[in-house]
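The values are calculated or read from the model by the stated rules, or taken from the named source; none is laboratory data. These numbers come from a predicted model, not from an experiment. Heads up, the Cβs are rebuilt from the backbone with ideal geometry, glycines too, and the neighbour counts pull from every protein chain shown.
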Amino acid sequence: MPLYEENDLMLYNSLSRKKEKFSALNAPHLGLYVCGPTVYSEVHLGNCRTFISFDMVYRYLRHLGYKVRYVRNITDAGHLENDADEGEDKIAQRARLEQLEPMEIVQNYTLNFHEVLAKFNTIPPSIEPTATGHIVEQIDMIVKIIEAGLAYEKNGSVYFNVAKYNESENYGELSGRKIEELISGTRELDAQSEKESPLDFAIWKKASPSHIMRWNSPWGEGFPGWHLECSVMSTKYLGEEFDIHGGGMDLKFPHHECEIAQNKAGTGHKGPRYWMHGNMLTLNGQKMSKSTGNTLSPRELFSGDTDKLEKGFHPTIARFFMMQAHYGSQLDFSSEALMAAEKGYHRLMSAWHKLQGLASGSGADFSVQEWRASCYAAMNDDFNSPVLISQLFEAASFINGREGDSGLSDNDLELLKTTLHDFIFEVLGLEDIAHAASGGGSDKLEEVVQILLELRMQARADRNFALSDTIRDQLAAVGIEVKDGKDGATFSIKS
Ligand SMILES: [Zn+2]
């Protein structure tokens with residue numbers, strides 16, 4: 001029996017604003033879509049948190065035995081500077097500033113995004129589609145929305161008719177906004193606006209003469225509206241109805257609200273059955289913002305090369321720190337909090353290593369079965385990773401209190417090992433860096449260097465000084481410095 005059949009997973013559905021019992025449309029298959037980055041600058045830490053949260057969600061769903069198709073898009077066209085369908089395309093703007101082709105910007109920052117997420121040990125999605133790779137499908141959906149009478153063309157642009165949609169549907173159902181309030185909250189349309197109402201949004205924009213990223217369409221040369229790509233790519237790969245759609249809280253309105261409207265207008269279905277939203281990061285108690293300078297990049301976090309932190313932290317420490325908060329709550333980054341997480345991480349890891357050396361026995365006052373059930377109960381309660389971590393610490397305390405003999409039967413000892421392994425490495429996605437210096441090399445690298453140093457000692461014993469010097473020089477060439485002392489050689493790895 002797959003694990004998902006014995007676990008009632010409850011998740012907070014942003015659409016109903018309630019915790020609901022999750023059931024997959026076509027178990028064991030499960031469709032998960034997460035809004036990916038707009039690749040016009042280095043990925044920021046707040047976005048990393050969203051992707052790390054959904055990586056944990058993805059990992060737990062896989063652990064439960066679902067065959068998850070995880071789709072996360074790359075926005076490489078159509079995302080304008082502001083939500084009012086005005087201004088320059090963010091990627092084209094960056095291309096102009098850096099005097100590069102827009103696709104060079106896209107390539108550059110997509111690589112940066114992948115590199116940073118790999119450092120955080122996230123698993124790549126099953127499919128990573130791009131907006132520019134799906135222009136034809138986007139045009140098809142626009143045609144369907146026009147045919148449904150829910151969009152209109154004006155001077156080469158196409159706008160979604162929100163008021164018309166709202167006659168039979170509820171625009172605002174996800175964000176909880178009322179259409180009347182939305183209208184009174186928007187400024188009057190200026191005389192040149194082509195929109196019939198300020199709430200209408202562009203699903204196709206006519207390209208101005210200076211706009212570089214443009215494609216042919218039935219309405220002339222232009223480019224798709226940003227919200228459209230997610231409706232198109234989620235339904236193309238996961239079906240018109242699918243299981244879970246995730247993204248950052250900041251995307252709830254208008255982006256996700258517009259997605260629902262487009263899905264309904266273009267396919268007759270509203271797309272995902274469950275909406276999940278990850279919360280924001282703050283830094284030293286303040287909102288992160290470029291304009292106030294209160295920001296921290298992943299690079300600064302890892303290197304410590306910033307006045308915002310006292311030192312750098314290994315990505316897995318940062319990941320552990322993020323997992324100590326529920327994905328739906330705000331989380332504040334600070335040196336003190338990260339240092340506390342680092343201590344906790346090492347306490348957990350040393351218990352894990354100690355456990356490998358404990359023998360079976362009897363008489364321990366610790367029920368592995370009950371403890372294991374409480375780990376699952378934590379994750380089944382809307383992926384409550386902080387409660388899970390407190391359970392892992394319960395096990396760590398038990399392990400640290402034992403010497404030589406675990407007091408557990410063979411079966412219980414084995415179950416404790418596999419359960420800890422599953423939750424620490426598979427579900428939380430932590431890495432074992434216990435013996436490596438923060439930000440430095442990995443255990444494996446150190447072991448390999450140690451092997452080379454032993455070979456070098458052998459060479460010296462054989463009076464083969466040429467070989468011994470070659471080993472030292474070649475290690476130096478890759479940044480590993482060998483120092484000979486009276487007790488043998490030591491080494492340091494420059495990162
Ligand atoms: Zn999206």
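Just the residues that are among the aliphatic types (A, V, I, L, M) and either touching a Cys at 6+ places or on another chain (Cβ under 8 Å) or under 15 Å from residue 402 (Cβ atoms) (or both), please, taken from the stretch 313-361. Steps first, answer last, please.
Just the residues of the stretch 313-361 that are among the aliphatic types (A, V, I, L, M), to begin with: 317-318, 322-323, 325, 331, 337-341, 348-349, 351, 355, 358-359.
Scanning the stretch 313-361 gives 351, 355, 358, 359.
If you check 182, 251, 199, which single one turns out to be surrounded by 16 or more Cβ atoms within 10 Å (Cβ to Cβ), more than 16 Å from the ligand (Cβ to nearest atom), assigned to a helix (DSSP H, G or I) and not aromatic (Phe, Trp, Tyr)? Explain how you work it out, then say what you get.
Values: 251 fails: more than 16 Å from the ligand (Cβ to nearest atom); 199 fails: assigned to a helix (DSSP H, G or I).
Only one candidate passes the filter, namely 182.
Could you tell me whether any residue of the stretch 223-242 is hydrophobic (A, V, I, L, M, F, W, C), away from the ligand (no atom under 16 Å from the Cβ), farther than 26 Å from residue 106 by Cα and outside any loop (DSSP other than H, G, I, E, B)? The answer is no, given that none of the residues of the stretch 223-242 is hydrophobic (A, V, I, L, M, F, W, C), away from the ligand (no atom under 16 Å from the Cβ), farther than 26 Å from residue 106 by Cα and outside any loop (DSSP other than H, G, I, E, B).
So, residue 204, is that one buried (at least 24 other Cβ atoms within 10 Å of the Cβ), of a type in the set (A, V, I, L, M, F, W, C) and modelled with pLDDT under 95 or not? Against the criterion (buried (at least 24 other Cβ atoms within 10 Å of the Cβ), of a type in the set (A, V, I, L, M, F, W, C) and modelled with pLDDT under 95), residue 204 does not qualify.
Okay, residues lined up against (1) over 22 Å from residue 293 (Cβ atoms); (2) within 13 Å of the ligand (Cβ to nearest atom); (3) in contact (Cβ under 8 Å) with a residue 40 or more places away in the chain; (4) part of a strand (DSSP E or B):
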site	(1), (2), (3), (4)
41	no, no, yes, no
47	no, yes, yes, no
50	yes, yes, yes, no
55	yes, no, yes, no
60	yes, no, yes, no
65	yes, no, yes, no
69	yes, no, yes, yes
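Entry remark, the stretch 417-433: residues being under 20 Å from residue 117 (Cα atoms), assigned to a helix (DSSP H, G or I) and among the β-branched types (Val, Ile, Thr) number 2 in total.
Within the stretch 207-222, if we keep just the residues that are of a type in the set (S, T, N, Q) and modelled with pLDDT of 95 or more, the residue that is nearest to the ligand (Cβ to nearest atom) turns out to be 217.
Tell me yes or no: at least one residue of the stretch 78-89 is under 30 Å from residue 207 (Cα atoms), within 12 Å of the chain's Cα centre (by Cα) and away from the ligand (no atom under 16 Å from the Cβ).
Residues of the stretch 78-89 that are under 30 Å from residue 207 (Cα atoms), as a first pass: 78-89.
Within this subset, residues satisfying the condition of being within 12 Å of the chain's Cα centre (by Cα) are none.
No, that holds for no residue.
Screening residue 363 on (1) under 23 Å from residue 280 (Cβ atoms); (2) over 23 Å from the mean Cα position of the chain (by Cα) shows it passes everything except condition (1).
Determine which member of the set 228, 199 is touching a residue at least 24 places away in the same chain (Cβ under 8 Å), assigned by TED's automatic domain parsing to the domain that holds residue 79 and within 26 Å of residue 95 (Cβ to Cβ). Spell out how you get there, then give the answer.
On the way: 199 fails: within 26 Å of residue 95 (Cβ to Cβ).
None of the other options fit; the residue is 228.
All conditions in (1) in a loop (DSSP other than H, G, I, E, B); (2) without any contact (Cβ under 8 Å) to a residue 40 or more places away in the chain hold for residue 111, with the sole exception of (1).
A single entry from 229, 240 fulfils the requirement of being under 20 Å from the mean Cα position of the chain (by Cα) and either buried (at least 20 other Cβ atoms within 10 Å of the Cβ) or not aromatic (Phe, Trp, Tyr) (or both): 229.
Scanning the stretch 365-386 for residues that are buried (at least 18 other Cβ atoms within 10 Å of the Cβ) and touching an Asp or Glu at 6+ places or on another chain (Cβ under 9 Å) yields a count of 6.
When residues in the stretch 144-158 are screened for being surrounded by 13 or more Cβ atoms within 10 Å (Cβ to Cβ) and free of Cβ contacts under 8 Å to residues at least 60 places away in the same chain, 3 of them pass.
Any residue in the stretch 91-103 that is crowded, with 19+ Cβ neighbours inside 10 Å, within 16 Å of the ligand (Cβ to nearest atom) and either closer than 30 Å to residue 1 by Cβ or modelled with pLDDT of 90 or more (or both)? It would help to see each step written out before you state the result.
Within the stretch 91-103, the first condition is being crowded, with 19+ Cβ neighbours inside 10 Å, and the residues that meet it are 91-92, 94-95, 102.
Retained after the next criterion (residues that are within 16 Å of the ligand (Cβ to nearest atom)): 91.
With either closer than 30 Å to residue 1 by Cβ or modelled with pLDDT of 90 or more (or both) added as a condition, the list becomes 91.
Scanning the stretch 91-103 turns up at least one residue that is crowded, with 19+ Cβ neighbours inside 10 Å, within 16 Å of the ligand (Cβ to nearest atom) and either closer than 30 Å to residue 1 by Cβ or modelled with pLDDT of 90 or more (or both).
Evaluation of residue 273 against the conditions (1) over 19 Å from residue 48 (Cα atoms); (2) within 16 Å of the ligand (Cβ to nearest atom) shows that the sole unmet condition is (2). Taken over the stretch 254-303, the criterion of being of a type in the set (Lys, Arg), part of a strand (DSSP E or B) and not assigned by TED's automatic domain parsing to the domain that holds residue 240 is satisfied by 287 alone.
Take the conditions closer than 24 Å to residue 54 by Cβ, at pLDDT below 95 and outside the structural domain of residue 310 (by TED's automatic domain parsing) and apply them to residue 433. Does it pass?
Values: closer than 24 Å to residue 54 by Cβ: yes; at pLDDT below 95: yes; outside the structural domain of residue 310 (by TED's automatic domain parsing): yes.
So residue 433 fits the description; yes.
Looking across the stretch 451-483, the residues that are in a strand (DSSP E or B) and surrounded by 13 or more Cβ atoms within 10 Å (Cβ to Cβ) come down to 480, 482. Selection over the stretch 370-408 of residues that are more than 17 Å from residue 6 (Cβ to Cβ), of a type outside the set (Val, Ile, Thr), within 26 Å of the chain's Cα centre (by Cα) and part of a helix (DSSP H, G or I) gives a count of 7.
A search for C-beta distances below 6 Å between a residue of the stretch 114-139 that is part of a helix (DSSP H, G or I) and any residue that is of a type in the set (Val, Ile, Thr) and at pLDDT below 95, counting only pairs 6+ apart in sequence or on different chains, returns 116/43. The residue pairs whose first member lies in the stretch 75-100 and is without any contact (Cβ under 8 Å) to a residue 60 or more places away in the chain and in the same structural domain as residue 43 (by TED's automatic domain parsing), whose second member is away from the ligand (no atom under 16 Å from the Cβ) and part of a helix (DSSP H, G or I), and whose beta carbons are closer than 6 Å, counting only pairs six or more residues apart or on different chains, are 76/106; 94/105.
Please go through the stretch 126-142 and give me each residue that is surrounded by 15 or more Cβ atoms within 10 Å (Cβ to Cβ) and of a type in the set (Val, Ile, Thr), ordered by number. Scanning the stretch 126-142 gives 127, 130, 132, 135, 139, 142.
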